[in-house]
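Notes for the one structure printed next.
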Amino acid sequence: MELLKQRIRDEGIVLNNRVLKVDGFLNHQIDPHLFKAIGKEIADRYRDAGVQRIVTIEASGIALALMAALELDVPLVFARKKKSILMVDEVYHSVVYSYTKEENYEITISKKFLPAGEKVLIIDDFLASGEAAMGLAKLVQEAGDEVVGMAIAIEKSFQPGRERLENAGFRVESLVRIKEFKDNGCVFLED
Ligand code: 5GP
(Lines give C-alpha, C1' and ligand atoms only; values in the text may rest on other atoms or scores of the structure.)
Protein backbone atom coordinates (compact mmCIF):
# COMPACT_ATOMS: atom_id res chain seq x y z
CA MET A 1 0.00 0.00 0.00
CA GLU A 2 1.91 2.98 -1.35
CA LEU A 3 0.27 5.58 0.88
CA LEU A 4 1.35 3.74 4.03
CA LYS A 5 4.84 3.09 2.68
CA GLN A 6 5.29 6.77 1.97
CA ARG A 7 4.31 7.74 5.52
CA ILE A 8 6.78 5.20 6.89
CA ARG A 9 9.52 6.60 4.64
CA ASP A 10 8.70 10.16 5.70
CA GLU A 11 8.04 9.72 9.43
CA GLY A 12 9.07 6.24 10.61
CA ILE A 13 11.91 6.01 13.09
CA VAL A 14 13.89 2.78 13.46
CA LEU A 15 14.91 2.07 17.05
CA ASN A 16 17.86 -0.23 17.81
CA ASN A 17 17.48 -1.84 14.39
CA ARG A 18 14.53 -3.72 15.88
CA VAL A 19 11.42 -1.61 16.33
CA LEU A 20 9.76 0.84 13.96
CA LYS A 21 8.26 3.85 15.67
CA VAL A 22 5.28 5.31 13.84
CA ASP A 23 3.80 7.38 16.64
CA GLY A 24 3.14 10.34 14.34
CA PHE A 25 0.35 8.65 12.38
CA LEU A 26 -0.43 5.20 13.82
CA ASN A 27 0.54 4.39 17.41
CA HIS A 28 -0.06 7.67 19.21
CA GLN A 29 -1.29 10.42 16.92
CA ILE A 30 -3.68 8.96 14.36
CA ASP A 31 -4.24 10.19 10.83
CA PRO A 32 -7.95 9.55 10.13
CA HIS A 33 -7.58 9.84 6.35
CA LEU A 34 -4.78 7.31 6.29
CA PHE A 35 -6.80 5.01 8.54
CA LYS A 36 -9.84 5.32 6.31
CA ALA A 37 -7.69 4.20 3.36
CA ILE A 38 -6.22 1.34 5.41
CA GLY A 39 -9.72 0.20 6.40
CA LYS A 40 -10.80 0.19 2.76
CA GLU A 41 -7.69 -1.73 1.67
CA ILE A 42 -8.23 -4.40 4.35
CA ALA A 43 -11.91 -4.65 3.46
CA ASP A 44 -11.12 -4.99 -0.26
CA ARG A 45 -8.78 -7.88 0.43
CA TYR A 46 -11.36 -9.73 2.52
CA ARG A 47 -14.62 -8.61 0.90
CA ASP A 48 -15.35 -12.09 -0.48
CA ALA A 49 -14.32 -14.00 2.63
CA GLY A 50 -17.70 -13.83 4.35
CA VAL A 51 -16.33 -11.98 7.39
CA GLN A 52 -18.94 -11.71 10.17
CA ARG A 53 -16.83 -10.17 12.94
CA ILE A 54 -13.49 -8.48 13.38
CA VAL A 55 -11.23 -9.17 16.36
CA THR A 56 -8.26 -7.03 17.33
CA ILE A 57 -6.22 -6.18 20.42
CA GLU A 58 -6.06 -2.95 22.40
CA ALA A 59 -4.87 -0.32 21.97
CA SER A 60 -3.35 0.36 18.55
CA GLY A 61 -5.34 -2.25 16.65
CA ILE A 62 -8.68 -0.70 17.52
CA ALA A 63 -8.69 2.34 15.23
CA LEU A 64 -7.46 0.32 12.23
CA ALA A 65 -9.96 -2.42 12.86
CA LEU A 66 -12.79 0.06 13.32
CA MET A 67 -12.26 1.48 9.84
CA ALA A 68 -12.24 -2.01 8.32
CA ALA A 69 -15.34 -2.97 10.35
CA LEU A 70 -17.20 0.05 8.99
CA GLU A 71 -16.24 -0.87 5.43
CA LEU A 72 -17.26 -4.52 5.87
CA ASP A 73 -20.28 -3.54 7.98
CA VAL A 74 -19.54 -6.05 10.74
CA PRO A 75 -19.11 -5.75 14.54
CA LEU A 76 -15.68 -5.26 16.05
CA VAL A 77 -14.48 -6.66 19.35
CA PHE A 78 -11.07 -6.01 20.88
CA ALA A 79 -9.16 -8.22 23.29
CA ARG A 80 -8.29 -6.55 26.57
CA LYS A 81 -4.81 -6.69 28.00
CA LYS A 82 -5.76 -5.86 31.56
CA LYS A 83 -7.17 -8.35 33.99
CA SER A 84 -10.91 -8.52 33.57
CA ILE A 85 -13.22 -8.04 36.54
CA LEU A 86 -15.42 -10.75 35.02
CA MET A 87 -15.24 -14.32 36.35
CA VAL A 88 -12.75 -16.54 34.54
CA ASP A 89 -15.53 -18.67 33.13
CA GLU A 90 -17.10 -15.60 31.49
CA VAL A 91 -14.07 -14.84 29.32
CA TYR A 92 -11.81 -16.53 26.79
CA HIS A 93 -8.20 -15.93 27.68
CA SER A 94 -4.77 -16.48 26.26
CA VAL A 95 -1.19 -15.57 27.20
CA VAL A 96 0.92 -13.51 24.79
CA TYR A 97 4.59 -12.55 24.92
CA SER A 98 4.99 -8.86 24.14
CA TYR A 99 7.64 -8.11 21.54
CA THR A 100 8.01 -4.48 22.53
CA LYS A 101 7.69 -4.84 26.33
CA GLU A 102 9.49 -8.21 26.55
CA GLU A 103 7.05 -9.72 29.03
CA ASN A 104 4.04 -12.03 29.09
CA TYR A 105 0.59 -10.61 29.42
CA GLU A 106 -2.91 -12.04 29.42
CA ILE A 107 -5.53 -11.14 26.83
CA THR A 108 -9.24 -11.69 27.36
CA ILE A 109 -12.48 -11.36 25.43
CA SER A 110 -15.87 -11.66 27.05
CA LYS A 111 -17.64 -14.82 25.84
CA LYS A 112 -20.78 -12.87 25.05
CA PHE A 113 -18.93 -10.89 22.36
CA LEU A 114 -17.59 -13.96 20.59
CA PRO A 115 -20.62 -16.05 19.65
CA ALA A 116 -19.78 -19.46 18.15
CA GLY A 117 -20.04 -20.36 14.49
CA GLU A 118 -18.87 -17.09 12.94
CA LYS A 119 -16.21 -16.24 10.38
CA VAL A 120 -13.72 -13.89 12.04
CA LEU A 121 -11.05 -11.60 10.62
CA ILE A 122 -8.12 -10.76 12.95
CA ILE A 123 -6.49 -7.34 12.59
CA ASP A 124 -3.35 -5.88 14.18
CA ASP A 125 -0.99 -2.98 13.56
CA PHE A 126 2.34 -4.87 13.43
CA LEU A 127 3.46 -8.41 12.76
CA ALA A 128 6.80 -9.40 14.31
CA SER A 129 6.98 -12.86 15.92
CA GLY A 130 3.27 -13.57 15.45
CA GLU A 131 2.58 -13.90 19.19
CA ALA A 132 -0.28 -11.41 19.33
CA ALA A 133 -2.00 -12.82 16.23
CA MET A 134 -1.62 -16.41 17.47
CA GLY A 135 -3.03 -15.43 20.86
CA LEU A 136 -6.04 -13.81 19.21
CA ALA A 137 -6.55 -16.84 16.94
CA LYS A 138 -6.54 -19.10 19.99
CA LEU A 139 -9.35 -17.07 21.59
CA VAL A 140 -11.39 -17.08 18.39
CA GLN A 141 -10.99 -20.81 17.87
CA GLU A 142 -11.77 -21.54 21.50
CA ALA A 143 -15.06 -19.72 20.94
CA GLY A 144 -15.88 -22.13 18.11
CA ASP A 145 -15.33 -19.55 15.37
CA GLU A 146 -13.35 -19.79 12.15
CA VAL A 147 -10.39 -17.48 11.52
CA VAL A 148 -10.81 -16.57 7.84
CA GLY A 149 -7.65 -14.50 7.82
CA MET A 150 -5.41 -11.93 9.40
CA ALA A 151 -4.82 -8.39 8.22
CA ILE A 152 -1.74 -6.54 9.38
CA ALA A 153 -0.82 -2.94 8.61
CA ILE A 154 2.96 -3.31 8.87
CA GLU A 155 4.75 -6.65 8.62
CA LYS A 156 8.42 -6.98 9.51
CA SER A 157 9.10 -9.78 7.04
CA PHE A 158 12.58 -10.45 8.41
CA GLN A 159 10.96 -11.75 11.61
CA PRO A 160 9.26 -15.15 11.84
CA GLY A 161 5.64 -14.00 12.32
CA ARG A 162 4.29 -14.59 8.81
CA GLU A 163 5.86 -18.03 8.52
CA ARG A 164 4.49 -19.02 11.90
CA LEU A 165 0.96 -17.90 11.04
CA GLU A 166 1.03 -19.49 7.58
CA ASN A 167 2.38 -22.74 9.00
CA ALA A 168 -0.60 -22.71 11.36
CA GLY A 169 -2.83 -22.50 8.25
CA PHE A 170 -3.84 -18.84 8.38
CA ARG A 171 -4.17 -16.47 5.43
CA VAL A 172 -2.06 -13.37 6.13
CA GLU A 173 -2.55 -10.06 4.30
CA SER A 174 -0.08 -7.31 5.17
CA LEU A 175 -0.48 -3.86 3.68
CA VAL A 176 3.22 -3.11 3.88
CA ARG A 177 6.06 -5.65 4.16
CA ILE A 178 9.45 -4.55 5.44
CA LYS A 179 12.33 -6.64 4.13
CA GLU A 180 14.96 -5.10 6.40
CA PHE A 181 16.01 -2.04 8.34
CA LYS A 182 18.93 -0.33 6.64
CA ASP A 183 20.70 2.94 7.46
CA ASN A 184 17.95 3.71 9.98
CA GLY A 185 15.29 3.36 7.30
CA CYS A 186 13.08 0.64 5.84
CA VAL A 187 13.62 -1.44 2.71
CA PHE A 188 10.25 -2.73 1.52
CA LEU A 189 9.82 -6.21 0.13
CA GLU A 190 8.48 -5.21 -3.29
CA ASP A 191 11.17 -2.54 -3.84
P1 5GP B 1 4.27 -9.96 17.61
O2 5GP B 1 3.25 -10.38 18.61
O3 5GP B 1 3.94 -10.36 16.20
O4 5GP B 1 5.68 -10.36 18.01
O5 5GP B 1 4.32 -8.38 17.65
C6 5GP B 1 3.18 -7.67 17.29
C7 5GP B 1 2.80 -6.72 18.38
O8 5GP B 1 3.94 -6.10 18.97
C9 5GP B 1 1.94 -5.64 17.78
O10 5GP B 1 0.67 -5.71 18.39
C11 5GP B 1 2.64 -4.35 18.12
O12 5GP B 1 1.93 -3.67 19.10
C13 5GP B 1 3.99 -4.73 18.69
N14 5GP B 1 5.11 -4.50 17.76
C15 5GP B 1 5.94 -5.44 17.24
N16 5GP B 1 6.90 -4.89 16.49
C17 5GP B 1 6.68 -3.57 16.50
C18 5GP B 1 7.36 -2.45 15.89
O19 5GP B 1 8.37 -2.57 15.18
N20 5GP B 1 6.82 -1.21 16.13
C21 5GP B 1 5.72 -1.03 16.90
N22 5GP B 1 5.27 0.22 17.06
N23 5GP B 1 5.06 -2.06 17.50
C24 5GP B 1 5.54 -3.31 17.30
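The values are calculated or read from the model by the stated rules, or taken from the named source; none is laboratory data. A quick note: this is a predicted structure, and the numbers were derived from the prediction, not measured. So basically every Cβ, Gly included, is an ideal-geometry build from the backbone, and we count neighbours across all protein chains shown. SASA here: full protein model, heavy atoms, side chains in, ligands and nucleic acids out. Shrake-Rupley method; radii C 1.70, N 1.55, O 1.52, S 1.80 Å.
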Taking a ≥ b ≥ c as the square roots of the eigenvalues of the Cα gyration tensor, with a/c under 1.5 meaning rounded and otherwise prolate when a/b exceeds b/c and oblate if not, the stretch 102-155 is oblate
Spelling it out for Val147: with amide H atoms placed in the peptide plane at 1.01 Å from N, the residues 5 or more places away or on another chain with amide H under 5 Å from its amide H are Val120
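Taking all pairs of different Cα atoms in the stretch 23-67, averaging 1/r and flipping that mean, what Kirkwood radius in angstroms comes out? Kindly include the intermediate steps, with their values, before the conclusion.
Values: mean 1/r = 0.0896 Å⁻¹.
After inverting the pairwise mean of 1/r, the radius is 11.2 Å.
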Would you kindly derive the ³J(HN,Hα) couplings of the stretch 17-26 from the backbone phi angles with the Karplus curve 6.51 cos²θ - 1.76 cosθ + 1.60 (θ = phi - 60°), listing them in order in whole Hz, with x for Gly and Pro? 6, 9, 10, 9, 9, 10, 5, x, 9, 10
Among beta bridges assigned by DSSP with both residues in the stretch 1-186, the antiparallel ones amount in percent, to the nearest 5, to 40 percent
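Tally up the carbon and sulfur contribution to the accessible surface of the stretch 147-190 as a whole percent, 1.4 Å probe, everything protein left in place. Don't jump to the answer; show the numbers that get you there.
Details: 770 of 1970 Å².
Here carbon and sulfur together make up 39 percent of the probe-accessible area.
Show me the trypsin sites (Lys or Arg not before Pro) within the stretch 1-69 that DSSP assigns to loop and that have at most 13 other Cβ atoms within 10 Å of their Cβ. Walk me through the numbers on the way to the answer.
On the way: sites: Lys5, Arg7, Arg9, Arg18, Lys21, Lys36, Lys40, Arg45, Arg47, Arg53; in loops: Arg18, Arg47.
Filter output for the stretch 1-69: Arg18, Arg47.
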With the Cα gyration tensor of the stretch 1-186 in hand, give its eigenvalues times 5 under a square root as the equivalent ellipsoid semi-axes, listed largest first in whole angstrom. 26, 19, 15
From the phi of every residue in the stretch 66-77, what ³J(HN,Hα) in whole Hz does the Karplus formula 6.51 cos²θ - 1.76 cosθ + 1.60 yield, where θ is phi - 60° and glycine or proline is x? 4, 5, 5, 5, 4, 4, 8, 6, 10, x, 10, 10
Need the list of lysines near Lys36 for cross-linking: C-alpha distance under 20 angstrom, and skip anything on the same chain fewer than eight residues off. Lys5
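Could you give the size of the charge dipole of the chain about its Cα centre, using +1 on the Cβ of each K and R and -1 on the Cβ of each D and E, expressed in debye and rounded to the nearest 20? Don't skip to the end; give the middle numbers.
Values: 26 positive and 31 negative charges, 45 e Å.
Value, rounded to 20: 220 debye.
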Among all the lysines, which ones have a C-alpha under 19 Å from Lys82's C-alpha, if same-chain residues fewer than 8 places away are not counted? Lys101, Lys111, Lys112, Lys138
Give me, ordered by chain and number, the residues 5 or more places off Ser174 or on other chains with an amide H under 5 Å from its own placed amide H. Ile152
The chain, Gaussian network, Cα under 10 Å: of Leu34, Leu76, Leu165, the residue fluctuating most is Leu34
Hey, if you put +1 on the Cβ of every Lys and Arg and -1 on every Asp and Glu Cβ in the stretch 1-186, which of Thr56, Val96, Phe113 ends up farthest toward the positive end of that dipole? Val96
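May I ask for the Rg/Rh ratio of the stretch 91-186, computed from Cα atoms with Rh as the Kirkwood radius, given to two decimals? Don't jump to the answer; show the numbers that get you there.
Details: Rg = 14.1 Å, Rh = 14.0 Å.
With Rh from the inverse mean 1/r over Cα pairs, Rg/Rh is 1.00.
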In nm, the gap between the two label points placed 7 Å beyond Cα toward Cβ at Lys112 and Val88 is 2.2 nm
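Leaving out ligands and nucleic acids, and using a 1.4 Å probe, what accessible area per residue does the chain come to in Å²? Walk me through the numbers before you get to the answer.
Values: 9700 Å² over 191 residues.
Per residue, the chain has an accessible area of 51 Å².
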